[in-house]
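Report on the structure given below.
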Amino acid sequence: MHEMSIAMSIVDAVVANAEKEGGVRISGVELLVGKLAGIEAESLKFCFSAATKGTLAEGAALVIEEPEGIGECGECGMRFPVTFYYAECPKCRSLRITIVSGEEFKIQSITIEEEGE
Amino acid sequence: MCDTCGCSGDGGAVLRKPGESDYHVHVNPGAEKHLHPHADGEHRDHDHFPEEHHDCDYMHDHDGGHHYHEGGSRKIVLEQDVLQQNNLLAERNRGYFEARNIFALNFLSSPGSGKTSLLEKIIPLLQQRIPVAVIEGDQQTTNDADRIHALGVPVIQINTGSGCHLDALMVNRAVKELDIRDNSLLCIENVGNLVCPALFDLGEALKVVIISVTEGDDKPLKYPTMFHEADLCILNKIDLLPYVEFDVAKCRENAMRVNHHLEWFEVSATTGEGLAQWQQWLEKRLLHH
Ligand SMILES: Nc1nc2c(ncn2[C@@H]2O[C@H](COP(=O)(O)OP(=O)(O)O)[C@@H](O)[C@H]2O)c(=O)[nH]1
Ligand SMILES: [Mg+2]
Ligand SMILES: [Zn+2]
Ligand SMILES: [Zn+2]
Ligand SMILES: [Zn+2]
Ligand SMILES: [Zn+2]
Ligand SMILES: [Zn+2]
């Protein structure tokens with residue numbers, strides 16, 4: 001289950017950032033997980049709550065935004081939605097497609113609680 | 001707890017060497033923050049982010065991002081790559097390899113596709129012209145490192161324990177423990193798994209994905225991320241083609257659909273068929289990388 005080790009790296013990263021900012025608790029985490037990033041959002045959510053146990057991020061609300069895949073044709077330059085790594089250009093039928101969006105895998109933001117504020 | 005040294009155990013990866021039963025080095029998963037090799041007793045300090053002091057106004061730039069207040073809590077925009085830690089370290093590995101003219105290959109496949117067998121066959125062919133070193137990744141045992149050790153090349157085993165892939169930190173540590181010569185080829189055999197090793201850059205020059213004819217010709221479609229990330233694909237066990245239902249052309253077509261830059265080779269580690277073509281290609285890349 002590779003989402004578990006991924007969830008653990010996310011927890012490491014958000015906790016490091018929260019500590020750096022003087023947070024005592026992390027109440028929210030926003031992720032950007034492209035539809036083509038090779039990550040199952042559902043399974044990541046499940047692993048995330050397990051991975052946060054006993055850390056500053058325990059109980060944090062996880063929000064995952066999933067940008068759609070967009071391909072660009074290498075022949076005619078047309079951009080169109082894709083759901084997979086390969087696709088055919090709807091305009092010129094070329095198979096030389098480059099993915100320009102949908103592979104994102106980022107921590108967008110965290111929300112931290114500070115003591116006595 | 002580590003059963004070799006009794007240290008408080010971290011569940012992280014451990015480096016081992018064939019024929020040196022008391023040698024082992026822990027690689028802690030907390031990135032570089034916490035490395036403690038037991039072999040020489042050295043213990044690095046934990047790395048922390050540089051201290052930063054700031055007064056909180058409503059909103060201001062902060063370390064590339066910015067943050068603002070929202071009631072009693074504070075939202076901090078990070079826009080940070082999840083795999084940033086790994087990617088940074090992978091780039092350091094890459095810089096090290098380039099500086100020493102080491103050509104590093106990351107071998108990826110399902111368990112049993114023949115990664116170790118292919119290394120056993122190709123290394124003796126290449127070794128005559130170029131020094132070779134190997135990093136073996138497996139959850140447990142030094143079996144694969146032992147097989148490579150028998151060829152007389154420097155090899156180190158990374159046992160990932162519960163981990164299902166190698167990461168840049170493990171390779172960074174392994175490289176320091178391994179005697180790699182300048183101008184050489186470094187083969188890194190990843191843990192048998194077609195899913196997450198695709199996401200973890202190790203600093204290699206090329207990713208080599210291996211499938212065997214016993215696995216089904218739709219494998220590239222089932223594991224598109226891996227085939228999309230790979231630079232070359234080796235179809236192994238072609239000696240078994242007469243006995244299995246496997247459409248080579250179809251498999252190749254599926255792979256090329258996922259990645260139109262993919263180099264393609266068909267070999268048998270058992271009979272040696274096709275190895276000469278792959279060897280030729282490798283030798284050309286070794287000269288001109
Ligand atoms: N018939 C045949 N068997 C092979 C070939 N390559 C490897 N094998 C067998 O496949 C099994 C797994 O090989 P191994 O190299 O350990 O796979 P790894 O897990 O990818 O390192 C072993 O029993 C090998 O003997 C091949 O080209 N043809
Ligand atoms: Mg092996
Ligand atoms: Zn087109
Ligand atoms: Zn392309
Ligand atoms: Zn130990
Ligand atoms: Zn320590
Ligand atoms: Zn993994």
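Worth a mention:
- Neighbouring partner chain Cβ atoms per residue of B:78-88, average, 10 Å criterion: 6
- Legend: mean number of C-beta atoms from other chains within 10 angstrom of residue C-beta atoms, peptide A:103-110, equals 6.
- Entries of B:176/B:219; B:75/B:222; B:250/B:284; A:53/B:75; A:53/B:17; B:17/B:222 with Cα pairs more than 30 Å apart: B:176/B:219; B:75/B:222; A:53/B:17; B:17/B:222
- Projecting the Cα positions of B:172, B:259, B:271 onto the charge dipole of region B:85-287 (unit charges on Cβ atoms of Lys, Arg, Asp and Glu, taken about the Cα centre) puts B:172 furthest along the positive direction.
- Two-decimal Rg to Rh for region B:85-287 - Kirkwood Rh, Cα set: 0.94
- List B:125, B:199, ordered by accessible area with a 1.4 Å probe, largest first: B:125, B:199
- Residue-count net charge about residue B:130 - beta-carbon cut-off 10 Å; Lys, Arg +1, Asp, Glu -1: +1
- Protein heavy-atom surface of chain A, 1.4 angstrom probe: 51% of the accessible area is carbon and sulfur, with nucleic acids and ligands not counted.
- Positive minus negative residues near residue B:206 (Lys, Arg vs Asp, Glu; Cβ under 11 Å): -2
- Among A:79, A:93, A:25: highest mean-square fluctuation, GNM of chain A, C-alpha pairs under 10 Å: A:93
- Accessible area per residue for region B:164-252 is 34 Å², calculated with a 1.4 Å probe on protein heavy atoms, without ligands, DNA or RNA.
- Considering only A:13, A:28, A:69, the residue lying farthest towards the positive end of the dipole of chain A is A:69, judged by Cα position with unit charges set on Cβ.
- Accessible area that becomes buried as A packs against B, both chains, 1.4 Å probe, Å², nearest 100: 3100 Å²
The values are calculated or read from the model by the stated rules, or taken from the named source; none is laboratory data. Bear in mind the structure is a predicted one, so any value in this text is a computation, not a measurement. Here the Cβ is made from the backbone with ideal geometry for all residues, glycine too, and neighbour counts use every protein chain on show. Quick note on the areas: whole protein, heavy atoms, side chains included, nothing else; ligands and nucleic acids left out. Shrake-Rupley method; radii C 1.70, N 1.55, O 1.52, S 1.80 Å.
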